Every structure is written in C-alpha cells, then in structure tokens.
Amino acid sequence: MSTQAIPRTKPGGSAVPPDPSMPANLRRNAPLVPTDTAAGRSLAAVIAILTFLAGLCAGAAEMVATNAAQWQGDVAREVTIQVRPGPGRDVDADVSRADGIAKAEPGIAETRVFSKAEAERLLEPWLGTGLDLSDLPVPRLIALKLASGQVADLKRLRTRLVEALPGVASLDDHALWLQRLSTAANAFVGIGIGLVLLVLIATGLAVTFATRGAMASNREVVEVLHFVGADDDYIARAFQRRFFGLGLRGGAIGAGLALVAFVIAGLLARAARSGPAGQEVEALFGAFHIGVRGYASVLLIGVIASLVTGIVSRVTVRRFLA
C-alpha cells in the first residue's frame, strides 16, 4: 500500500472528484505525511543547526587530539640537561662536561648548548624584558635530541650526570609535562564527545515533539488507514521515511556548513601565520587542520543525525498508536 490516501471511486469504477470541504490530507493523491510544511522546514533547520554545532565539537576534539599527539611526539624526542651555577664553580666547564657525557651516550642524536644570553631570554615571558639577570644564578640548558631508530637509556645518563656533577647537573625528560598535556587533551576530547551526545539527544527530543505534532494533525488519515486494514508498521514506516528525509536534509546542511567553517578557519590561519598573532595561534592549535579523520567524523555526525531522526520518529509513532 502506498503512502497516498485511499482513492474513492463510483460504483462503475470511475474516480470520484475530491470534495473541497475535505481536509487537504484526506484528498486524493495527498501524501500521508505532508512533504512541505512550515513545521517540516523548521525541523530541518533545527537539525541543521544542531548538526553544525555537533560537527564543530567533533572537529575541534579531533584537532586537539591530533595536535596533542604531535606535541607529545615532539616533546618525547627531546630531553633537557640543566646545569646550575654554584659558588666556586666554572659553569662553562660544567656545561662542557655535561655535553660530553651526553654525546657519548648511545641513542643521543644531537645536542645543543644554550648560551647564557639564550637562557636568560627564556625567562622574559615570565620576568619581562629589560632586566639585568647577570647577577642571578640562571641555569644553563643543554637540549638533547633522541635518535629515532635507537632507544636511549635515560636512566643511565641521569646516573652518570649525577656522579660526574653532583648537585649541579640534572636531566629532565618532560614526563610530568607530557602527563599533564595528555590529561588536558583527553579531558578536552571527552568534553567534545559529551557535547556531541547532548546535541544528538536534543535532536531526538526535537524529532519526538515534531512527530507527535504530525500524528495529531494527521489523526483523520491514520483512522481511515486503520479502517481499511493498514497496520501500525505501515503507518510508522510512512512517518519514518518522511522524518528521515528531513533529518538527511538537515544533517547534510549542518555537516556541510561545519566543513566549510573549518576550511575557512584553516585558510584564515594560514593567511595570518606570518604575523605574531598567527604564530601564537599556530603554536596552540597547529595548522588548524582537522585531517581526514576530522572531516570523516563531521560527515558521520550528519549521517547519525539522519538515522536518529528516522528511528526516533518510528518509535514515537509506534508509542502514539499503541
């Protein structure tokens, strides 16, 4: 049985012309669920907005997860030796000795000794510029780059530094900073997933109210279909197809707008990269590119919104008819 209202015929078999006094949804060739109504357009707009917000949350979470993994990989490939000045000690000699110990250790690909001026410049973001730090015991730093194909024994290197320069040299593998970065990234991703779930729940609630309204306005059609033998599954499928179409339209529009927003944001970030502000944004958010997984997750949310719309409408109709 199609979703059209049951046609009426004369005794001889010819069709009876529609009665103008009848409701529009009971006339011949009128669809069971109206295909173009203000309520339907409003529901599609609501689904598009919710899908857009969910896509932004999913893309942002994917971007943070990707950049955090990249930051962790970059930081994990470097360790730092800190050499503290002490009374009666030649800090330059201590730095040179610590650098020699590091170079002799297997797994260390490269070392870079920071000069006193470079070490003082690292304190400017916290202490400000124009300060004379010559009288302060500013530690000297040695950055070590680990070899990619070989595992360095950092525990042995730390022991050798302590034995050679007790109380002066120390090794920092950034483990605490990496743990904090991982915790913050996981928390942000968890918040993003939670927001996506809340948006999908809101979509389901909006579809529930819209379906109940459509059922109430089409009560006469439902009663006629029951009278001629249509079962609840047939009626539920008709509403499900209609609302799935609305969800598919709204989900496609919302997901498309979210993808366009990320593309525009990436273009603006690349255009502003040459300036100081752009460099800071890039340092925080990377290249502002969500990657293939990010684009796929945004599209997946559009599909999920459509499926949620169809399933919720079918369940609502079945409960309404029960």
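The values are calculated or read from the model by the stated rules, or taken from the named source; none is laboratory data. These numbers were taken from a predicted model, which means no experiment stands behind them. Cβ placement follows ideal geometry from the backbone for every residue including glycine, while neighbour counts extend to all protein chains displayed. Ligands, DNA and RNA are stripped out before the accessible areas are found, and what is left, the full protein with its side chains, is counted by its heavy atoms. Shrake-Rupley method; radii C 1.70, N 1.55, O 1.52, S 1.80 Å.
Structure notes:
- In terms of the mean number of neighbouring beta-carbon atoms within 10 Å, the peptides 213-221, 307-315 order highest first as 307-315, 213-221.
- Taking all protein chains into account, the per residue accessible area for segment 38-158 stands at 56 Å² (1.4 Å probe).
- Rounded Å value of the spacing that divides the Cα centres of segment 197-272 and segment 156-173: 64 Å
- Residue-wise HN-Hα coupling along segment 254-266, computed from phi with Karplus coefficients 6.51, -1.76, 1.60 (Hz; x: Gly, Pro): x, 5, x, 5, 5, 5, 4, 4, 5, 5, 5, 4, x
- Karplus-derived HN-Hα couplings along segment 152-159 (A = 6.51, B = -1.76, C = 1.60, θ = phi - 60°), whole Hz, x at Gly and Pro: 8, 8, 5, 5, 5, 4, 4, 5
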